[in-house]
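Heads up, the thing below is written out as structure tokens.
No lab work stands behind these numbers, since they all come straight from the coordinates. Values in this document were obtained by computation on a predicted structure and should not be read as measured data. Cβ placement follows ideal geometry from the backbone for every residue including glycine, while neighbour counts extend to all protein chains displayed.
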Amino acid sequence: MSVDMGKLAQNISILHRQYYKDTKQDFNQYGLNPTAVCMLLMIQEYPGSNQQFLVDKLVIDKSHATREINKLTTLGYITRTSGVGHSSELNLTAKGEQLIPTIQKKFAVTGGQISLPRRLPSQKIHWL
């Protein structure tokens with residue numbers, strides 16, 4: 001069976017955009033986007049983690065992670081403390097801890113994994 005990688009990539013992109021669109025609406029009131037929400041969940045699960053850990057786990061680029069960490073710090077959801085070398089340890093603040101149950105209610109969380117959004121994409125996807 002031959003897989004059309006271009007079509008597969010297009011379908012993944014469609015799902016990602018729809019997921020981002022759906023979840024962005026859920027967290028606008030907190031000043032967050034889906035990437036920032038995932039970062040909060042990761043920091044909650046792995047207290048003291050650093051930026052590189054988040055970059056590796058969430059598969060995002062370093063500059064994007066820096067912007068999101070700065071935003072989360074400014075909003076008062078996380079703190080940065082000196083870590084090993086030039087890295088900083090990231091931890092949730094009390095405000096960040098209070099937001100976690102709200103995030104978890106917005107998603108079906110099972111076994112530490114967030115499932116796909118509860119809404120289906122409005123665009124029909126033709127699978128391979």
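Structure values in brief
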quantity	calculated
Subset of the stretch 51-76 [touching a residue at least 12 places away in the same chain (Cβ under 8 Å) and over 14 Å from the mean Cα position of the chain (by Cα)]	52, 75, 76
Qualifying positions in the stretch 32-50 - of a type in the set (S, T, N, Q) and within 13 Å of the chain's Cα centre (by Cα)	33, 35, 44
